[in-house]
Amino acid sequence: MGNGSEKDIVWHHASVTRERRERLNGHRARAVWFTGLSGAGKSTIAHAVEEQLHRCGCRTFVFDGDNVRHGLCGDLGFSPADRRENLRRIGEMAKLFVDAGIVSLAAFISPMRDDRALVREIIGAQHYIEIYVSCPLEECERRDVKGMYRRARAGQLPSFTGISAPYDAPDAPHLVLETATLTVEQSVSRVLDLIVPLLALPASA
Ligand code: ADP
């Protein structure tokens, strides 16, 4: 293989670093974390942002409640401890995806400020971008995409965020999207305006 003999090459466990993967991909790796009430638009916006990034040649992946609650976190419920463990696992997964050079987009209600702080710490603050998908409860309830609010109001979901469980709004997110007034396209543009410069590699790299 190439120059020199194989016996001179020492393979280090992590010789292929995140930086080398980023250079190969042509963009930086980041975890973009969408938080907000159920129905606020997190998944819709995360997938639409992914579509745009993918078209531009970025390596991406969307994590959302539906694709982790069935598998990786299928054993967890919605108690505060289980919600925290759910987010801890997703945080660890998002960190691995960042190490793999990927732009991961995570759409989780993630209602507790402390739990989001844990995720930020796991991923590393320099790689974590927090987006608050803000929408009044009444509008989320009006949308009621999955009929969850109706079930929560009927007392069938004992700890449903916004109805029977709290939501701590972020103190200092990188971006707030007011989805009762912005269209999906406008929200996607704002997200791209924020993250595309952060994904750019220095010209010399
Ligand atoms: P979440 O992931 O926050 O639970 P979803 O993206 O699954 O929310 O659902 C939001 C629903 O609201 C979707 O059906 C989406 O089409 C609809 N919607 C209506 N207006 C907007 C808007 N301006 N921004 C985002 N979603 C919107």
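No lab work stands behind these numbers, since they all come straight from the coordinates. Just so we're clear, the structure is a prediction, and the values are computed from it rather than from any experiment. Quick reminder, even Gly has a Cβ in these numbers, built from the backbone with ideal geometry, and neighbours come from all protein chains shown.
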Inset, instruction - For the chain, set up a Gaussian network in which alpha carbons nearer than 10 Å are linked by springs, and say which option among Asp171, Asp82, Asp99 fluctuates the most. - result: Asp171
Legend entry - Residue-count net charge about Gln186 - beta-carbon cut-off 14 Å; Lys, Arg +1, Asp, Glu -1: -2
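Starting from the alpha-carbon convex hull of the chain, give the projected area averaged over all orientations, in nm². Before the final figure, lay out the partial values.
On the way: hull surface 55.7 nm².
Dividing the Cα hull surface by four gives the mean projection, 13.9 nm².
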Inset, instruction - Could you please state, rounded to a whole Å, how far the C-alpha centre of segment 117-152 is from the C-alpha centre of segment 49-75? - result: 15
Legend entry - Using alpha-carbon coordinates, inclination of helix 184-199 to the longest axis of the chain, degrees: 30
Legend entry - Rel. contact order, % - alpha carbon contacts under 8 angstrom, at least six apart, segment 1-139: 40
Inset, instruction - List the lysines whose Cα lies under 16 Å from the Cα of Lys146, skipping any in the same chain that are fewer than 8 positions away. - result: Lys42
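Provide, as a two-decimal number, the C-alpha radius of gyration of segment 86-205 over 2.2 N^0.38 Å, N being how many residues it has. Don't skip to the end; give the middle numbers.
On the way: Rg = 16.4 Å, N = 120, 2.2 N^0.38 = 13.6 Å.
Against the empirical 2.2 N^0.38 Å value, I get 1.21 for segment 86-205.
Just from its helices, what would the mean residue ellipticity at 222 nm be for the chain, if runs of 4 or more DSSP H residues each count -39500 (n - 2.57) and the sum is divided by every residue, rounded to the nearest 500 deg cm²/dmol?
Numbers: 8 runs with 87 residues, N = 205.
Taken over the chain, the calculation gives -13000 deg cm²/dmol.
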Inset, instruction - Could you tell me which of rounded, prolate or oblate describes segment 15-80, using a ≥ b ≥ c as the square roots of the eigenvalues of the alpha-carbon gyration tensor, with rounded for a/c under 1.5 and, failing that, prolate when a/b is larger than b/c and oblate otherwise? - result: oblate
